[in-house]
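What follows is one structure encoded as structure tokens, with my remarks underneath.
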Amino acid sequence: MSAAHGGPPDRGGSPGHTGRGRPAEPEPDPLAGLDERTAARRRRQALTIGLVAAFMTLLDVSIVNVAIPSIEQAVRADPSDLQWILSGYALTFGLLLVPAGRFGDVRGRRNVFILGLALFTLTSAAAGLAESATWLIAARLLQGAAAGLVNPQVIGLIQQLYRGAARSRPFGLLGATIGISTGIGPLLGGGLIEIGGQHLGWRLVFFVNVPVGIVTIVFAWRLLPTAGGRRSGQRSLDPFGVLLLGLGVLLLLLPLVQRQQWQGPLKWLLIPAGLLVLLGFVGWELRYRRRREPLFDLALFRLRSYSLGTLIGLLYFGGFVAIFFLFTLYLQNGLRYTALQAGLAITPFAAGSAVTAALGGRIVDRLGRPLVAIGLATVAIGLGGVILALHFVPGRGAPLATALPLLLAGLGSGLVITPNQNLTLSEVPVAQAGSAAGMLQTAQRIGAATGIAGVGAIFFSSLAATGDGWSRAFRDALLATIGFVLIALVAAIVDSRTERPGTPAGAGRTDTAGRTG
């Protein structure tokens, strides 16, 4: 039983311990020397900076979708090029998350955050200036890697600056940021294309990051705390562990993100090869931790809150991200809506998610995992409503007919992402916050790629079987999406049923500085 549910964490192999069972050094509170009012203001400033950076990097997952027709003409991209422009970002994003989280834990999150944000700003400018498909693909790959550097630092800073129940509000705001950035991407992209036209609009999709990035870097340099990161001789970067994990994740993701361009079944052999490499990574980490602290402490998975939360994140993102990808495709290619109209049609989901994400972050400490189960059930009901709406209104009136059920699904989504993230990281020691957050986000990226591949295959198979039956194909894909959500719901119910009755989420947690949350 975990500490969050009434029992002490395992000793010897528990999180927060380095090799040979030595306790990890506690990270000091970087604002400990300030008075309460000044410290509170600095925390709010740091949180705002982190949320802006998270918004920018997550926005670029979805904002490019609506710009694909313009990009195809401008840089003369073939279907394979377009696939790399879309999925290359997600691929390198996922590869960097755990190593970047570890790097921030060791060397200081402020420095890694600023480095990643500077690279993201430069690569966004490079993407906007692209004159060929190869140039744009390279810029997108580097842009995704920069985003992978930034994101674990945001969660690590929240873990570092806020303790115990005080983390609920910042995690709620982060969840709202995730929901809004993912949902508003097509709308913002469509608006920029309307403003700039077919030739300049797609470039504005990338250029919009540049001024925001520069301003955020300036404020990050001035306002983020410099403390954090420990340079003890026992804390190395575990380069061989980084190599094994990166190779394993690459082998898993590559056939998923290139599913439409790589013909034949041989590409799927990369998935078992990736699993074997990841098994080697587990063996290496278990051996390495006897001497030094490994890249990722596998003992974190002995915490039920972390293991089940990571599984729920993987499953939910398997359905969550596929909704936006396929709905945009359905509206633009199937119903011939403009990029801006397609973006507007998805807005109800983003709006609902934003509303409940902040609320969910505040009440999760009282309700625990049942709140996540309620959110998942609400998402499933909302998506079921979308299927019914499309059955009765399959044509041009589809966006209006689906607005209410999409809003309901969005309200449920806000009760999933933020509370699940809060509960998953609730028992993680601050010193391991970056690498733990990186592993959680890696699971989400793998889930997203798997969902888009699996649900997308159902969508295109149904479309090929029915000719021009776009509405039918999208309904079939939504059924698969609901399947991902329901499996995640089962995991949430299992965790809810094993929670100790009457124990608030996170009760009895102790951070690495010895404070009780």
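Just to verify a result, which residue in region 15-28, among those that are surrounded by fewer than 19 Cβ atoms within 10 Å (Cβ to Cβ) and closer than 21 Å to residue 112 by Cβ, is modelled with the highest pLDDT? Break it down into steps so the answer makes sense when it comes.
First, the residues of region 15-28 that are surrounded by fewer than 19 Cβ atoms within 10 Å (Cβ to Cβ): 19-23, 25-26, 28.
Still in the running and closer than 21 Å to residue 112 by Cβ: 25-26, 28.
Values: 25: 50, 26: 52, 28: 61.
Out of the qualifying residues, it is 28.
Residue 263 is checked against (1) over 30 Å from residue 288 (Cα atoms); (2) at pLDDT 80 or above and fails just one. What number does that condition carry?
It is condition (2) that residue 263 fails.
Quick one: would you say residue 409 is within 23 Å of residue 332 (Cα to Cα), buried (at least 24 other Cβ atoms within 10 Å of the Cβ), of a type outside the set (Asp, Glu) and touching a Ser or Thr at 6+ places or on another chain (Cβ under 8 Å)?
Working: within 23 Å of residue 332 (Cα to Cα): yes; buried (at least 24 other Cβ atoms within 10 Å of the Cβ): yes; of a type outside the set (Asp, Glu): yes; touching a Ser or Thr at 6+ places or on another chain (Cβ under 8 Å): yes.
Yes, satisfied.
Quick check on region 430-467: of everything there that is β-branched (Val, Ile, Thr) and more than 14 Å from residue 148 (Cβ to Cβ), which residue is surrounded by the fewest Cβ atoms within 10 Å (Cβ to Cβ)? Outline the logic, then answer.
Narrowing region 430-467 to residues β-branched (Val, Ile, Thr): 430, 442, 446, 450, 452, 455, 458, 466.
From what is left, the residues that are more than 14 Å from residue 148 (Cβ to Cβ) are 430, 450, 452, 455, 458, 466.
Details: 430: 25, 450: 21, 452: 25, 455: 25, 458: 19, 466: 13.
Taking the candidates together, the pick is 466.
Pick from region 376-398 the residues that are part of a helix (DSSP H, G or I) and either of a type in the set (Phe, Trp, Tyr) or free of Cβ contacts under 8 Å to residues at least 40 places away in the same chain (or both): which of them is farthest from residue 170 (Cα to Cα)?
Only one residue tops the list, namely 392.
Which is in a helix (DSSP H, G or I), crowded, with 22+ Cβ neighbours inside 10 Å and on the phi < 0 side of the Ramachandran plot, of 351, 401, 358, 373?
It is 373.
Using the structure shown, decide if residue 337 is of a type in the set (Ser, Thr, Tyr), out of contact with any Cys (no Cβ under 8 Å at 6 or more places or on another chain) and surrounded by 24 or more Cβ atoms within 10 Å (Cβ to Cβ). Don't jump to the end; show me each part of the working.
Working: of a type in the set (Ser, Thr, Tyr): yes; out of contact with any Cys (no Cβ under 8 Å at 6 or more places or on another chain): yes; surrounded by 24 or more Cβ atoms within 10 Å (Cβ to Cβ): no.
The answer is no for residue 337.
If a residue must be of a type outside the set (S, T, N, Q) and more than 22 Å from residue 453 (Cβ to Cβ), how many such residues does region 87-111 contain? Before you say what the answer is, go through the steps one by one.
Keep residues of region 87-111 that are of a type outside the set (S, T, N, Q), which gives 88-91, 93-110.
Add one more test, that the residue is more than 22 Å from residue 453 (Cβ to Cβ), and what stays is 99-110.
Number of matching residues: 12.
Would you please list the contacts, defined by Cβ atoms under 6 Å and residues six or more apart or on different chains, that run from a residue in region 333-347 that is under 16 Å from residue 470 (Cβ atoms) to a residue that is in a helix (DSSP H, G or I) and of a type in the set (S, T, N, Q)?
Filtered contacts from region 333-347: 342/328; 342/332.
Kindly indicate which of 463, 486 is assigned to a helix (DSSP H, G or I), of a type outside the set (Gly, Ala, Ser) and either modelled with pLDDT of 85 or more or farther than 24 Å from residue 83 by Cα (or both).
Working: 463 fails: either modelled with pLDDT of 85 or more or farther than 24 Å from residue 83 by Cα (or both).
Of 463, 486, the one residue that is assigned to a helix (DSSP H, G or I), of a type outside the set (Gly, Ala, Ser) and either modelled with pLDDT of 85 or more or farther than 24 Å from residue 83 by Cα (or both) is 486.
Identify the single condition in (1) modelled with pLDDT under 95; (2) more than 25 Å from residue 42 (Cβ to Cβ) that residue 126 does not satisfy, given that it satisfies every other one.
(1)
Which residues, counting only those in region 178-226, are part of a helix (DSSP H, G or I), among the hydroxyl-bearing types (Ser, Thr, Tyr) and modelled with pLDDT under 90? First the steps, then the outcome.
Here is the first cut: in region 178-226, the residues part of a helix (DSSP H, G or I) are 178-207, 209-223.
This time we only want the ones that are among the hydroxyl-bearing types (Ser, Thr, Tyr), so: 181-182, 216.
The answer is 181, 182.
The values are calculated or read from the model by the stated rules, or taken from the named source; none is laboratory data. Predicted model only: the values in this text are computed from it and were never measured. Virtual Cβ from ideal backbone geometry, glycine too; neighbours counted across all protein chains shown.
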